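One structure is given here, and the rest of the page talks about it.
All of the numbers you see were taken from the coordinates with simple rules; none came from a lab. Predicted, not measured: the structure shown is a model, and the values here were computed from it.
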Amino acid sequence: MQLQIGLKQSNFPELEKQLYEVSDPAHPKYGQHLSADEVEELVKPTKETSDLVYEWLGDNGIVPTSYSAAKDWITVALPIRDIERLLDTEYHVFEHKNGAKVARAPSWSLPNHLHDHIDTIQPTNSFFRARKHASQAFVDVGILSDPSIQHYPTNSGIGAVCNTSSVTPQCFETLYKTKGYKPRAAGRNKVAFTNYLGEHPLRTDGELFLKKFRPDDVSVAQKFPQLTLADGPGDAPLTAEEIASGTSKEANLDFQAIAGISYKTPVISYSTGGSPPFIPSSSTPDNSNEPYLVWVNWLLSQKSIPRTTQNRTPRLMIENTTTYLTNNIKQQQKHQNIVNKIIKYP
């Protein structure tokens, strides 16, 4: 199983401080976002932290398999029995009421001298889980009135494009008053979205959507890059089984919503492999239950990333929270929030 070790970041308070400064229109630093190198300098562990953690791993005969760009995340691949011995714990399989299963260790421990140097180790007691969301991907069924709507827009311009049961790019443009906007920095700006659980956008579906709602930009459906991480699904047609299960409706919806209102701005798709439930065993050496950290750590290793990225995050498995959702989960959230809230590149 792949174990992700989150080391204590050296200067997170300063990183958070600068987040608020560059996000405040009244602050002199507004809009002066940090570079990748500057962020890495603030979050990289101290030499003492790194030395102590590497010494602990070395004493247990463990060699890291990979690191994040700032060296604040270490990945090691170990048999379950070795992880249980390393963390003085035992993994169990927990089943949600809907039948979904996850393998977790309700409690785990570290040597005392490492308590101030390691923030989190996962997967252990985090009950984050991925779950597909309901989707209304594009289906060309004409214009439908929604009988549940009691009050339609009084503005005739908005009412003409927003009083149906499906939301269109024209509705968005009218609501946000962006109709006719011409991008001024399409060469520098990019917008991206993430896909998990076997999802990836289908070019043919995107093309049908754009022909109907964005005929001046149909070519983007065939040109936008689809990047795959950790053996994620590639740019290929769906199988009969995937079609029957509704695979890629979410990814299609994301692409259509973004491309429909982002004329001339490059779009990028990230599809990361791995899907729950992951039940550790000697015959299943790779962890397929933490695709979010895989994507986050890959993104942090890039020197240039899109200005805007939509990332669908896992939801908490609310049941079993009393015993198992401990401070370690909060620490993991703190790490992941860096990407969602702070990292922005010029």
Normalised alpha carbon radius of gyration of the stretch 156-272 [divisor 2.2 N^0.38 Å]: 1.12
Euclidean distance of C-alpha centroids, the stretch 216-273 and the stretch 99-122, integer Å: 35
